[in-house]
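All remarks here apply to the structure that follows.
Each value in this text was obtained by applying a stated rule to the coordinates, not by laboratory testing. Given the structure is predicted, the values throughout are model-derived calculations rather than measurements. Positions of Cβ are backbone-derived with ideal geometry, glycine not excepted, and every protein chain shown enters the neighbour counts.
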Amino acid sequence: MASKAIQRNDKKGAGMFSKIPIARHDLMITGYVMIDYLARLLKLRSLRDHVVRFRCECGYKFNARLHEWWRFISHFEPKTSSFFRKNVSKEDIVFDIGAHIGIHTIHLAKIAKFVYAIEPEPNNLKLLIKNIFTNNVEKKVSVLPYAISSTDNLVNFHVSSKSTGAHRILSKNEDSIDRETILKVQAYTLDTLLFNILRIDHVDVIKIDVEGHELEVIKGAQKLLQHSPPRILVIETKKYSELLGLLTDKYDYQLIDILDCWNGACNCVFLKK
């Protein structure tokens with residue numbers, strides 16, 4: 001087992017970050033909700049996409065699109081945030097793969113030694129950078145505008161019109177999606193990024209949330225997982241995915257906790273045995 005103990009979320013919860021808090025009813029959130037409701041009713045997409053500033057319950061500030069208010073009405077992925085606060089140390093190097101606009105990135109940067117935030121979608125990338133500077137953690141975060149996959153190549157990247165958190169790399173058989181929503185983005189394997197581009201020899205904690213492409217990320221991290229395995233992996237995946245077997249059987253990780261779940265997928269915690 002790894003030398004560092006992992007603190008799990010028990011059923012009763014421990015502190016404000018280990019359970020879903022009651023939604024706030026402050027004027028800021030209420031106003032944004034009402035504006036978004038009217039904009040949706042009147043089909044004013046440009047208004048719903050307008051960037052405004054939110055403040056999370058922990059006091060950090062985030063620039064996000066108006067219709068993303070639901071991410072800030074309470075702690076976003078509270079169990080995951082709680083886990084990071086309890087188990088990431090000030091000496092840790094962290095990779096946030098699928099950083100989106102930086103909600104987890106900012107929280108991690110406040111407690112870790114350094115965070116690499118990886119986000120390929122241009123609009124999310126702009127907000128990610130803005131949020132890093134807004135929260136004064138620019139000296140502790142490096143932003144990488146790439147996708148992470150199982151090969152080094154240009155990939156087809158789908159930009160979702162429904163949610164800024166649903167952008168993803170397309171699989172080879174997905175040809176029916178509107179081509180106007182597809183970007184060509186540079187993808188690297190995690191091994192290439194770490195050892196050839198960044199030239200760092202280890203990472204302590206990795207969070208992966210890439211909308212169904214998580215298995216390909218792990219396939220591209222063979223050298224890392226065999227020779228310099230991270231202490232903790234937090235990966236969004238489905239209960240019976242191939243990824244679980246690969247990590248536990250081939251790389252000797254143990255699934256020790258299941259955190260927040262969305263649409264059949266959960267943030268799963270893996271600890272190196």
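Restricting attention to segment 185-273, which chymotrypsin sites (Phe, Trp or Tyr not before Pro) occupy a DSSP loop and are surrounded by at most 13 other Cβ atoms within 10 Å?
Loop-located and lightly packed - Tyr240.
Just need the relative contact order of segment 76-272 here, percent rounded to a whole number, with Cα pairs under 8 Å and 6+ apart.
Value for segment 76-272: 18 percent.
About the Cα centre, and with charges only on the beta carbon of Lys, Arg (+1) and Asp, Glu (-1), how big is the dipole of segment 223-273? Nearest 20 debye, please.
180
Could you point to the residue in Gly245, Phe114, Ile35 farthest towards the positive end of the chain's charge dipole, with +1 and -1 charges on the Cβ of Lys/Arg and Asp/Glu respectively?
So the residue we want is Ile35.
Give the Cα extents of the chain along the principal axes, in whole Å, largest first.
Computed over the chain, the largest-to-smallest principal extents equal 54, 46, 38 Å.
Taking amide hydrogens as modeled 1.01 Å from N in the peptide plane, which residues meet the under 5 Å criterion relative to Asp257, leaving out close sequence neighbours?
Amide H neighbours of Asp257, under 5 Å, 5+ apart: Val269.
Could you give the size of the charge dipole of segment 183-222 about its Cα centre, using +1 on the Cβ of each K and R and -1 on the Cβ of each D and E, expressed in debye and rounded to the nearest 20?
180
According to the square roots a ≥ b ≥ c of the eigenvalues of the Cα gyration tensor, what is the shape class of segment 61-142, taking rounded for a/c under 1.5, prolate for a/b larger than b/c otherwise, and oblate for the remainder?
Oblate.
Give me the dipole magnitude in Debye, nearest 20, for segment 22-74 about the Cα centre, with unit charges on the beta carbon: positive for Lys and Arg, negative for Asp and Glu.
160
Identify, among Gln254, Val155, Val94, the residue whose Cα sits farthest towards the positive end of the charge dipole of the chain, taking +1 on the Cβ of Lys and Arg and -1 on the Cβ of Asp and Glu, with the dipole about the Cα centre.
Val94
How long are the semi-axes of the ellipsoid equivalent to segment 192-272, from square roots of 5 times the Cα gyration tensor eigenvalues, in whole Å, largest first?
Each semi-axis is √(5λ); the values are 21, 13, 11 Å.
Given H placed 1.01 Å from N in the peptide plane, which residues other than close sequence neighbours of Tyr146 have an amide H under 5 Å from its amide H?
Glu119
Under the rule of at least 5 residues apart or a separate chain, name every residue whose amide H is placed under 5 Å from the amide H of Asn156.
For Asn156, the qualifying residues are Leu170.
Given R₀ = 30 Å, what would the calculated FRET efficiency be for Lys90 paired with Lys126, taking r from the Cβ atoms and rounding to 0.05?
For Lys90 and Lys126, the calculated efficiency is 0.55.
Return the loop-located GluC sites (Glu not before Pro) in segment 177-273 (DSSP other than H, G, I, E, B) with at most 16 other Cβ atoms within 10 Å of their own Cβ; answer none if there are none.
Qualifying residues, ordered by number: Glu211.
Name every cysteine in the chain that ends up alone, with no second cysteine's Cβ under 4.7 Å, or say none.
Cys56, Cys58, Cys268
Please enumerate, by chain and number, the aspartates and glutamates with C-alpha under 12 Å from the C-alpha of Lys272, excluding those fewer than 8 residues away in the same chain.
Asp204, Asp249, Asp252
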